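Student: Before anything else, here's the structure in question.
What follows draws every value from the coordinates through simple rules; no lab data is involved. Given the structure is predicted, the values throughout are model-derived calculations rather than measurements. Note: ideal-geometry Cβ built from the backbone for every residue, glycine included; neighbour counts use all protein chains shown.
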């Protein structure tokens, strides 16, 4: 196709993906109270912390952020599907088939990462951060800041859990081999430690290792998947 035809196709697929996000966000807005309760439930109960809204529009904007975050997660299969369909003409039929088959696994690992961050990492991180310092310090947290911190952390952990299926697809597309990934291991460990330090909001080594160790195990799992590819 000529350039304009490619641009028109890209526009149509972006519009369809945006409509999907709009629909899922609208549905999630009706359940934003339940979603917000889930985020507030992981705040440590043994530490006296007040989560408050200061600005007039802060509560409404926070509820919308919660709904948008849930809408993006729910619409992620459609967004990735539209992206892959746009890139599909540049792939061979067998490569196209493997990319489409890998889509459910990408979503599955992402959900597993969000669940791991919610159940394991976030409670420890919040407990450390909110209990740090003198007990005489009154801790009043803005609702918008708390929700932004929680959602950003969960999305970052979910994204790191997508390594194994992505490494499998890269090997299947012959972009990189399992042998090359294994030879890159020493550099991968350094990158994993750096990424874990960036993702983890606390400076203590326990929380950083709780992120770095699963990431390294996921990298090794990705090498195993690449060997099967």
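Student: Give me 179, 172, 45 ranked fewest to most by other Cβ atoms within 10 Å of their Cβ, as a rough exposure proxy. Write out the running numbers ahead of the final one.
Tutor: Values: 179 12, 172 19, 45 9.
Fewest-to-most Cβ neighbours within 10 Å comes out as 45, 179, 172.
Student: Determine the distance separating the Cα centre of the stretch 1-60 from the Cα centre of the stretch 75-146; give it in Å without decimals.
Tutor: 13
Student: Over the chain, what is the relative contact order in percent, taking alpha-carbon pairs closer than 8 angstrom and at least six residues apart? Don't jump to the answer; show the numbers that get you there.
Tutor: On the way: 223 pairs, mean separation 54.4, N = 229.
Here the relative contact order equals 24 percent.
Student: May I ask you to compute the full-extension gain from residue 33 to residue 18, defined as 0.36 nm times their residue separation minus their alpha-carbon distance, rounded to one decimal in nm?
Tutor: Working: separation 15, 0.36 × 15 = 5.40 nm, distance 2.36 nm.
Value of the extension gain: 3.0 nm.
Student: Still on this structure, I have one more. Sum -39500 (n - 2.57) across every DSSP H segment of at least 4 residues in the chain, then divide by the residue count to get the 222 nm mean residue ellipticity, nearest 500. Each step should come with its number before you reach the end.
Tutor: Values: 10 runs with 174 residues, N = 229.
Result for the chain: -25500 deg cm²/dmol, rounded to the nearest 500.
Student: Kindly give Rg over Rh for the chain, based on alpha-carbon atoms, with the Kirkwood expression for the hydrodynamic radius.
Tutor: Working: Rg = 20.5 Å, Rh = 19.9 Å.
Rg/Rh: 1.03.
Student: OK, next. Mind sorting 152, 200, 50, 25 by how few other Cβ atoms lie within 10 Å of their own Cβ, fewest first? Each step should come with its number before you reach the end.
Tutor: Details: 152 13, 200 24, 50 8, 25 20.
Listing 152, 200, 50, 25 from fewest to most nearby Cβ atoms yields 50, 152, 25, 200.
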